[in-house]
Amino acid sequence: MKKYLSIALFVMLISNVTMAQSTVYVTRDISPEGLLRIYKALGRKAEGRVAVKISTGESQATGYLRPDFIKLLVDEVNGTIVECNTAYPGKRNTTKKHWKTIQEHGFTKIARVDIMDAEGDMKIPVSDSTHIQYDLVGNHLANYDFMINLAHFKGHQMGGLGGVLKNASIGVASSHGKAYIHSAGKTKSRLLWWAYAKNQDQFIESMAAAAQAVHNYFGGDRILYISVMYRMSVDCDCNAHPKEPLIADYGIIAGFDPVAVDQAAYDIVSQIHNDEHNNNVPLLERIERKHGTHIMEYGEKIGLGSRNYKLVFIDEQK
């Protein structure tokens, strides 16, 4: 009897793993047309007031997604490009300087742009309050019905890994909210957060909790995630002087599960064959050193998504 119970339990566990599998769509076509096609492949139409969350980039040297690349998608959904101010000194830490950067980078020429914390911030609830008791986001978030999380996948000097989870958490947080996440809930001060940013895992877990807050804010069914795997430097677009990428551009991946999307991107980078054109070691070392994969592990733990996924390539469906 115990033998049959063990077999039944094994079958049940395998079934649960299969049920938890998320779909991640892939195109190798890094073009405006490829971006639009992968959005349409998802089959979830962005309706109402649509926010397209990107990084506006600290400088022209970074790999932020250029206006001419995203225009076709933004036009398709009649979207507004949204961002928030940063919590560190630079060209985007005040609304005035950020607007100047946005204009210099050409975003106002293609669409409406909204700095969501230009008029303050607001609290949205978190499901996981282990470190942060709420997520502090730009208060203009309330003006939107749907969000397209459009991220540039690369490394990150603090979080190790910059993908859709980082774009949802740190990216949607107001400047004070960024300080709150970086300090794992200890301060909202943009001047003092660095003094509290001592525990890396707590910071990573706070990011996952904040990403889940944004996901839940849109009900889970009014948000989608797209990650562009190009110019994959070890440094984030918030670094004005990033190191040059050492691996070739890969493509665009997308899905409804942010944990699965980031896990897939990480796995793709991990499996790159190193040769004279590719060296994934520095990026993987940066991610490991900063415990960057923990955001996927913790995101799965708190119920944000699954690290178990299947890839669906759409290029043959042109």
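Here Gly43 passes the criteria (1) open to solvent by 20 Å² or more (accessible area, probe 1.4 Å); (2) at positive phi; (3) touching a residue at least 12 places away in the same chain (Cβ under 8 Å) except the one numbered (3). What tally of residues in region 157-190 results from selecting those that are part of a loop (DSSP other than H, G, I, E, B), surrounded by fewer than 24 Cβ atoms within 10 Å (Cβ to Cβ) and touching a residue at least 24 places away in the same chain (Cβ under 8 Å)? Here the count works out to 5. Here region 246-271 is the region considered, the condition is being touching a Phe, Trp or Tyr at 6+ places or on another chain (Cβ under 8 Å) and assigned to a loop (DSSP other than H, G, I, E, B), and the residue that is farthest from Ala20 (Cα to Cα) is Asp249. For region 99-107, the criterion of being over 24 Å from Arg231 (Cβ atoms) and either of a type outside the set (Lys, Arg) or surrounded by fewer than 24 Cβ atoms within 10 Å (Cβ to Cβ) (or both) is met by at least one residue.
Here Lys96 clears all of (1) out of contact with any strand residue (DSSP E or B) (no Cβ under 9 Å at 6 or more places or on another chain); (2) open to solvent by less than 60 Å² (accessible area, probe 1.4 Å); (3) modelled with pLDDT of 95 or more except the condition numbered (2).
Here is a check on your reading of the model: is Ala8 assigned to a loop (DSSP other than H, G, I, E, B) and either more than 30 Å from Pro89 (Cα to Cα) or at pLDDT 95 or above (or both)? No.
Among the residues of region 58-73, those that are open to solvent by less than 20 Å² (accessible area, probe 1.4 Å) and of a type outside the set (D, E, K, R) comprise Ser59, Thr62, Gly63, Tyr64, Leu65, Pro67, Ile70, Leu73.
Hey, could you check region 289-318 for residues that are assigned to a helix (DSSP H, G or I) and open to solvent by 30 Å² or more (accessible area, probe 1.4 Å) and say which is nearest to Ser22 (Cα to Cα)? Across region 289-318, the extreme among qualifying residues is Glu300. Say whether the condition of being open to solvent by 10 Å² or more (accessible area, probe 1.4 Å), out of contact with any Pro (no Cβ under 6 Å at 6 or more places or on another chain) and within 30 Å of Glu285 (Cα to Cα) is met by at least one residue in region 114-121. Checked against the condition, which is being open to solvent by 10 Å² or more (accessible area, probe 1.4 Å), out of contact with any Pro (no Cβ under 6 Å at 6 or more places or on another chain) and within 30 Å of Glu285 (Cα to Cα), region 114-121 yields no hits at all. Identify, please: which residue in region 258-283 is within 26 Å of Lys53 (Cβ to Cβ) and of a type in the set (D, E, K, R) and is, among those, surrounded by the fewest Cβ atoms within 10 Å (Cβ to Cβ)? Within region 258-283, the match that is surrounded by the fewest Cβ atoms within 10 Å (Cβ to Cβ) is Asp267. Go through the residues of region 51-66 one by one and say whether even a single one is over 23 Å from Val214 (Cα atoms) and at pLDDT 95 or above. The answer is yes, given that some residue of region 51-66 is over 23 Å from Val214 (Cα atoms) and at pLDDT 95 or above. Restricting Arg286, Arg222, Arg231 to those that are of a type in the set (Lys, Arg), open to solvent by 20 Å² or more (accessible area, probe 1.4 Å), closer than 24 Å to Glu47 by Cα and touching a residue at least 60 places away in the same chain (Cβ under 8 Å) reduces the list to Arg222. Take region 114-125 and flag every residue that is within 17 Å of Met147 (Cβ to Cβ) and touching a residue at least 40 places away in the same chain (Cβ under 8 Å). Passing the criteria: Asp114, Met116, Asp117, Asp121, Ile124, Pro125.
Candidates are the residues of region 241-257 that are of a type in the set (A, V, I, L, M, F, W, C) and open to solvent by less than 30 Å² (accessible area, probe 1.4 Å); the one that is farthest from Val281 (Cα to Cα) is Ala254. Of the listed requirements (1) assigned to a helix (DSSP H, G or I); (2) over 17 Å from the mean Cα position of the chain (by Cα), Ala213 misses just one: (2).
The values are calculated or read from the model by the stated rules, or taken from the named source; none is laboratory data. For clarity, every value in this text was computed on a predicted model and none was experimentally measured. Every residue, glycine as well, gets a Cβ built from its backbone with ideal geometry; the counts of neighbours run over all protein chains shown. Keep in mind that these areas ignore ligands, DNA and RNA; they rest on the heavy atoms of the full protein, side chains included. Shrake-Rupley method; radii C 1.70, N 1.55, O 1.52, S 1.80 Å.
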